[in-house]
Amino acid sequence: MDKKKKNLSFTFVATVVGFMIAIQFQTVKKPVERDTRDIWQLRDALLKEKEVQSNLLTEIRSNEEKLSAYESKRKQSKEETLRKTLEELKIEAGSTEVTGPGIILKIEPIEEEIQLGVPITKGVSPDLLKRLLNELNMYEAKYVSLDGQRIINTTVIRDINSETKIDGHSIKSLPIEVRVVVDTMKTAEKLYNRMQVSKATEEFFIENMRLTASPPNPNITIPAYDNPIRIRYLEPINANEGGNS
């Protein structure tokens, strides 16, 4: 009886072990996949991969060139903007000659008064000139010259030893020419019409002078400011201050 039990136990253990080995063998076993392509098919596949790689490299180079061109245009645009800004600042500061639509005013002695023996007015007072300039500015004058002298924001008109001076330039005798440039011919026409009924005309007439305006002209030239421009209360900042260098 004991021997029979032992045989049954051995048989059961052997069966279990064999079943487990069979399961493990099936789990570990994998199907072998073989590349059945011949050498020409492999070459074709390799060529296609190389072609894809070449196309990618070409596209990368193209994008890099586009970026480089864009960066170059951006730098050129900045430089062009700076040049234009500098030119505009020079014009506004009066350091360049300008030509544009405008009119020419003339201040001269009244001939009738001369014939009557009235002493000829040799000069014009600073106050009269200042009032005239204020009126011109009110009528949209953009650039003005007086007796050949460019008028800018810092121009000083004053009396020195009974002599009217514009930034050191002496106005010693008449006639005096005042050139005025505006933005458009339409504005020049308006300015001309306004000067026909200007209060300044009466003020000059009281001082025995006549103020007359020429018809609008599309090409009035005003000279550049020929005196040094003094800049006060300004100094260059450190590159590390006030923003990026």
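Just give me the residues in segment 83-106 being under 30 Å from GLN196 (Cβ atoms) and among the charged types (D, E, K, R), in sequence order.
Let us first name the residues in segment 83-106 that are under 30 Å from GLN196 (Cβ atoms), namely 91-92, 94, 97-106.
The answer is GLU92, GLU97, LYS106.
Please go through segment 159-214 and give me each residue that is part of a helix (DSSP H, G or I) and touching a residue at least 60 places away in the same chain (Cβ under 8 Å), ordered by number.
Filtering segment 159-214 down to residues part of a helix (DSSP H, G or I) leaves 185-196, 199-206.
Answer for segment 159-214, where residues must be part of a helix (DSSP H, G or I) and touching a residue at least 60 places away in the same chain (Cβ under 8 Å): MET185, THR187, ALA188, LEU191, TYR192, MET195, LYS199, ALA200, GLU203, PHE204, PHE205.
Report yes if GLU189 is at pLDDT 95 or above and surrounded by 15 or more Cβ atoms within 10 Å (Cβ to Cβ), otherwise no.
On the way: at pLDDT 95 or above: yes; surrounded by 15 or more Cβ atoms within 10 Å (Cβ to Cβ): yes.
Yes.
In segment 72-112, which residue that is of a type in the set (A, V, I, L, M, F, W, C) and modelled with pLDDT of 80 or more is farthest from ARG210 (Cα to Cα)? Walk me through how you get there before you give the answer.
Within segment 72-112, the first condition is being of a type in the set (A, V, I, L, M, F, W, C), and the residues that meet it are 82, 86, 89, 91, 93, 98, 103-105, 107, 110.
Going one step further and asking which of them are modelled with pLDDT of 80 or more, we end up with 98, 103-105, 107, 110.
Values: VAL98: 27, ILE103: 16, ILE104: 14, LEU105: 10, ILE107: 6, ILE110: 6 Å.
Filtering segment 72-112 for residues that are of a type in the set (A, V, I, L, M, F, W, C) and modelled with pLDDT of 80 or more, the one farthest from ARG210 (Cα to Cα) comes out as VAL98.
List the number of the failed condition for THR164; all other conditions in (1) of a type in the set (Ser, Thr, Tyr); (2) modelled with pLDDT of 90 or more; (3) under 19 Å from ILE104 (Cβ atoms) hold.
The number of the failed condition is (3).
Let me spell it out: the conditions are (1) crowded, with 19+ Cβ neighbours inside 10 Å; (2) at pLDDT below 90; (3) out of contact with any Pro (no Cβ under 9 Å at 6 or more places or on another chain), and LEU132 meets all of them except one. Which number is the exception?
Status for LEU132: all satisfied but (2).
State which residue is modelled with the highest pLDDT when the search covers only segment 192-216 and only residues that are of a type in the set (A, V, I, L, M, F, W, C) and surrounded by fewer than 21 Cβ atoms within 10 Å (Cβ to Cβ).
Here is the first cut: in segment 192-216, the residues of a type in the set (A, V, I, L, M, F, W, C) are 195, 197, 200, 204-206, 209, 211, 213.
Checking which are surrounded by fewer than 21 Cβ atoms within 10 Å (Cβ to Cβ) leaves us with 197, 200, 205-206, 213.
Working: VAL197: 91, ALA200: 91, PHE205: 89, ILE206: 88, ALA213: 95.
Once the filter is applied, the top-ranked residue is ALA213.
The values are calculated or read from the model by the stated rules, or taken from the named source; none is laboratory data. Model, not experiment: these values are computed from the prediction. Methodologically, a virtual Cβ is constructed for each residue, glycine included, from the backbone with ideal geometry; neighbour enumeration extends over all protein chains shown.
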